[in-house]
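What follows is one structure encoded as structure tokens, with my remarks underneath.
The values are calculated or read from the model by the stated rules, or taken from the named source; none is laboratory data. Fair warning: this is a prediction, and the values are worked out from it, not measured in the lab. Every residue, glycine among them, receives a Cβ derived from its backbone with ideal geometry; neighbour counts consider all protein chains shown.
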């Protein structure tokens, strides 16, 4: 089975899981008593956050391997993960803001969870800007790997921020003293299915982006050897 | 805006951003594939020209 068929299969699995998740979010799961219908944003907001965290962890892992082994494939993986993570992190901030307006009465508040997430977004935004400015240089890849590793320190801080500081952000996976996020088992099931759908979506998008970056690397190598061959042909 | 509108906007944003990003990757991939094919064709043409040149040289030598 070739790579194209694997990516197509993964895309179809993602589509099926996403349709099931949508059915569960809008039909199956009961409406939350306090927040009402707007609480349903949470079933896609939380998976987006978890997938973004996984992306940034992958950037750090790929960065370590790139600095250690110096192989281009690790740089391409890190770059693809950073870009994919940024997309999901942007969705986390936007959907969180849309949820906050009717619940808190404000689009944004400088809450610890929100602030640390914004810092995470800015850090990886900086990583992508650095990569865009550095082009395909080896130095840019090395600096990017270091930034990717350092920026990943913020991921555990975002996760435990609801424990470390006073916050109004709801705790779902990390519970505060006596706090509990999901009471109904249908809510838990919906969150898990959404998480599976977003994990599949993340892997699919990451594969697509990674393949594109590998193609770009191959094109660069081919352009260099073509230039050499053309110069040799002109000399002879 | 009522709560249903917030829910609608949130899910619309999610799918619009994901669709936009996948479209961006797909277009980039198509462009790179075309570029790669063109470059491979140029490489093959160069190899063939070099091969023909060598054959002509060996004929002239003999």
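In the set A:90, A:117, only one residue is closer than 19 Å to residue A:159 by Cβ and without any contact (Cβ under 8 Å) to a residue 40 or more places away in the chain; that residue is A:90. The condition of being at the interface with chain A (Cβ under 10 Å from one of its Cβ atoms), within 19 Å of the chain's Cα centre (by Cα) and at pLDDT 80 or above holds for residue B:21. Out of the residues in segment A:32-51 that are more than 10 Å from chain B (Cβ to nearest Cβ) and free of Cβ contacts under 8 Å to residues at least 24 places away in the same chain, which is farthest from residue A:157 (Cα to Cα)? Going through the qualifying residues, I end up with A:33. Among the conditions (1) surrounded by 12 or more Cβ atoms within 10 Å (Cβ to Cβ); (2) at pLDDT 80 or above, the only one that residue B:30 does not satisfy is (1). Across segment B:2-20, a minimum of one residue is classified as under 30 Å from residue A:22 (Cβ atoms) and in a loop (DSSP other than H, G, I, E, B). Scanning segment A:227-236 turns up at least one residue that is facing chain B (nearest Cβ under 10 Å) and not in a helix (DSSP H, G or I). Taking the numbered list (1) touching a helix residue (DSSP H, G or I) at 6+ places or on another chain (Cβ under 9 Å); (2) exposed (fewer than 11 other Cβ atoms within 10 Å of the Cβ) in turn, residue B:45 passes all entries but (1). Of all the listed residues (A:1, A:24), the sole one being more than 20 Å from the chain's Cα centre (by Cα) and modelled with pLDDT under 90 is A:1.
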